[in-house]
Amino acid sequence: MLAGAPACDDIPILRERGQREVFCGLTGIVWLHRKIQDAFFLVVGSRTCAHLLQSAAGVMIFAEPRFATAIIEEKDLAGLADANEELDRVVTRLIQRRPDIRMLFLVGSCPSEVIKLDLSRAAQRLSKRFSPSVRVLNYSGSGIETTFTEGEDACLTALVPEMPAEPGTARSLLVVGALAEVVEDQFIRLFTALGVGPVRFLPSRRAAELPAVGEGTRFLLAQPFLGATARALEARGARHIPAPFPLGAEGTTQWLRAAADIWGVSAERFAAVTGPGEQRARAAIANHRETLGGKSVFLFPDSQLEVPLARFLARELGMHPLEIGTPYLHRQHLAQELALLPAGAKLVEGQHVDQQLDRCRAARPDVTVCGLGLANPLEAEGLTTKWSIELVFTPIQGYDQAGDLAGLFARPLVRRAKLMV
Ligand code: SF4
């Protein structure tokens, strides 16, 4: 535990192991390809992987999509040499056809893992071939190794060795985790007004603009699912700034303050810069308190955003979290969040989907936050659900998104109330 971090060892955590009902890490491609604008994600997988990507990204139509699946056919399963040759052929054709690609991710899947296709060697080989115009990296999004948001963690971890070294001990702030550009721009304005900086973001919008990292780098996590990325950054000398996550008025203020304290920003300046945004956020959230106040919420383990979300819903909207599930609980990164949860909050790490469904049905929560696979059956049983995937696709961080975040939970309740009239 970091010095000064609140103790969280006294919060009882139920650990469950059993069948999981979560998307695999390939899902992250849907938001990552929009973020790194000159990157391409090539999944080395099966038709199932291609279908998953198409349906997860189904609402978006691209003239030239920046992700695809190289299908491993049955003949590849028979002999590895074929699979490597085929992969080189597919990549060569892709790069010739798409000269705009500067960074290519080979994304591992269950099938590539099963046939032990060594994608890190393939990435090195192809990087050499296409150097310096295209960098080829690899990571795994396989359902055997990753859940839903861990694909982003694996992708960002692959980027860390590519980041240039910051000479000396020049101080900089690195914000880690894919954020919508509108949110990034708001944070840049706030940090600039506070005198905190220079501020850089991982992932960067373009492959050539990867931020520098070194001994003077202090980093704030913008997402709670980036444990491996944080470790890789620490191995390069950067230091984590413990903070709650920037969800809601309170979370955003505390997240900004954690960095401001390190930069020695005065309390007056901090209040002057953040006060108007915080007030706007509180007013926008208040619009939803009538709908959400006093309502119960049950969070299935899915995105790893569950703990910060429960904190926001309980403290800023007066909701009662009945159960807060999370696929993994990073105790150090979530220490500040755990300290803010209401007393007696029930935390569950891991998943045994049948047992959780039984508890959810028995509790009859007003709102259930869960994956797509569970939402339809629960809706059919009369429960009101919120798809957790929406919380990853929608800009929800920062002051100006706090009202939208509350609205995401209010909307299904309003809709059900209308249906019942
Ligand atoms: Fe399914 Fe595995 Fe492909 Fe994910 S990586 S879509 S879990 S086969």
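The values are calculated or read from the model by the stated rules, or taken from the named source; none is laboratory data. Since the structure is predicted, the reported quantities are computational estimates derived from the model, not experimental observations. As a convention, Cβ positions derive from the backbone with ideal geometry for all residues, glycine included, and neighbour counts pool all protein chains shown. Note: areas computed on protein heavy atoms with side chains; ligands, DNA, RNA excluded. Shrake-Rupley method; radii C 1.70, N 1.55, O 1.52, S 1.80 Å.
Averaging 1/r across all pairs of distinct Cα atoms in region 135-251 and inverting the result yields a Kirkwood radius of 14.8 Å.
When you filter the trypsin sites (Lys or Arg not before Pro) in region 242-298 for DSSP loop state and at most 15 other Cβ atoms inside 10 Å of their Cβ, nothing is left. Applying 1/(1 + (r/R0)^6) with R0 = 35 Å to the Cβ-Cβ distance of Glu16 and Ile71 gives a FRET efficiency near 0.50.
For Leu374, the solvent-accessible surface with a 1.4 Å probe is about 20 Å², rounded to the nearest 10.
Heavy-atom accessible surface of Lys35, to the nearest 10 Å², is about 10 Å², with a 1.4 Å probe and all protein chains retained. Projecting label points 7 angstrom from Cα along Cα→Cβ for Ile144 and Arg289 puts them 5.2 nm apart. Computing FRET efficiency as 1/(1 + (r/R0)^6) for Asp100 and Arg171, where r is the C-beta to C-beta distance and R0 is 41 Å, gives about 0.75. Accessible surface of Leu372, taken over heavy atoms with a 1.4 Å probe and every protein chain present, rounds to 70 Å².
In plain terms, the C-alpha convex hull of region 208-343 casts an average shadow of 9.9 nm² when viewed from every direction. Highest mean packing comes first when the peptides 121-127, 89-95 are listed by Cβ atoms within 10 Å, giving 121-127, 89-95. With q set to 0.06, 0.08, 0.13 Å⁻¹, the log10 of I(q)/I(0) for the chain, from the Debye formula over equal scatterers at the Cα positions, is -0.25, -0.45, -1.18. Checked against a 22 Å cut-off, the cross-linked pairs Lys35/Lys386; Lys35/Lys128; Lys295/Lys418 give Cα-Cα distances beyond that limit for Lys35/Lys386; Lys35/Lys128.
Based on every Cα atom in region 78-166, Rg and the maximum pairwise Cα distance Dmax equal 13.6, 46 Å. For region 296-411, the share of accessible area belonging to carbon and sulfur comes to 50 percent (1.4 Å probe, ligands and nucleic acids excluded). For Arg121 and Asp185, a Förster radius of 30 Å and the Cβ-Cβ distance give a FRET efficiency of 0.15, rounded to the nearest 0.05. Put a dot 7 Å past the Cα of Met420, heading toward its Cβ, do the same for Arg47, and the two dots end up 4.4 nm apart. When the helices of the chain are scored as -39500 (n - 2.57) per DSSP H run of n ≥ 4 and the total is divided over every residue, the value at 222 nm lands at -13500 deg cm²/dmol. Decide, for region 298-421, between rounded, prolate and oblate: order the square roots of the alpha carbon gyration tensor eigenvalues as a ≥ b ≥ c, take rounded if a/c falls under 1.5, and otherwise choose prolate if a/b is larger than b/c, else oblate. Judged from the Cα gyration tensor, region 298-421 comes out oblate (a/c at least 1.5, b/c at or above a/b).
For region 163-232, the percent of C-alpha pairs falling in each 5 Å distance bin, counted from 0 to the bin holding the largest distance, reads 3, 16, 27, 28, 20, 6, 0.
Taking Arg231, Arg311 and ordering them by how much accessible surface each has at a 1.4 Å probe, largest first, produces Arg231, Arg311. Mean separation of Cα pairs under 8 Å and 6 or more residues apart, divided by the residue count, gives region 272-355 a relative contact order of 28 percent. Place a point 7 Å from Cα of Ala208 in the direction of its Cβ. Which residues in region 30-59 have their backbone N less than 15 Å from it? Output list for this probe position: 37-39.
Computed on the Cα atoms alone, the convex hull of region 114-154 gives a volume of 66 cubic angstrom per residue. Summed over the residues of region 159-306 and divided among them, the accessible surface reaches 37 Å² per residue at a probe radius of 1.4 Å.
Shape summary: region 131-179 maps onto an equivalent ellipsoid whose semi-axes, from the alpha-carbon gyration tensor, are 25, 17, 8 Å in decreasing order.
Normalising the average separation of contacting C-alpha pairs (under 8 angstrom, six or more residues apart) by the number of residues puts the relative contact order of region 293-421 at 24 percent. Taking every alpha-carbon pair within region 352-421, the share separated by more than 18 Å comes to 43 percent.
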